[in-house]
Amino acid sequence: MEIKVLGPGCAKCKQAEQIVKEAVAESGVTATVEKVTDVMQIAGYGVFGTPAVVVDGEVKIVGKVPKKKDVMAWIR
């Protein structure tokens with residue numbers, strides 16, 4: 001499983017990345033978590049508000065920090 005956290009590095013983007021990493025660790029799912037900061041790559045997903053989370057190429061949330069329970073549901 002491939003998870004990407006999209007965002008330039010703002011506080012909310014860092015918070016989203018931390019929540020995703022915690023959810024992956026707690027779930028026991030094998031996944032790579034990548035932080036994408038390049039604006040052109042982010043726009044390539046059709047995302048114009050950050051933070052955003054992409055799971056296996058599918059945009060799951062845009063413009064807000066996800067709740068851990070939501071991330072857990074996406075990766076199961």
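Side notes on the structure shown:
- Take the Cα of Ala73, step 7 Å toward its Cβ, do the same at Asp38, and the gap between the two points is 3.3 nm.
- Trypsin sites (Lys or Arg not before Pro) lying in DSSP loop within region 12-70, provided at most 16 other Cβ fall within 10 Å: Lys64, Lys67
- Label positions at Val29 and Asp56, each projected 7 Å from the Cα along the C-beta direction, are separated by 0.8 nm.
- Of all DSSP-defined beta bridges confined to the chain, some 60% are antiparallel rather than parallel.
- Annotation for the chain: chymotrypsin sites (Phe, Trp or Tyr not before Pro) lying in DSSP loop with at most 12 further Cβ atoms inside 10 Å of their Cβ are Phe48.
- Pairs of Cα atoms farther than 15 Å apart, region 2-75, %: 44 percent
- MRE, 222 nm, helices only [DSSP H, n ≥ 4, -39500 (n - 2.57), over the chain, to nearest 500]: -12000 deg cm²/dmol
Each reported figure results from applying straightforward, stated rules to the coordinates on display, with no laboratory input. A quick note: this is a predicted structure, and the numbers were derived from the prediction, not measured. Cβ atoms come from the backbone with ideal geometry, glycine included; neighbour counts cover every protein chain shown.
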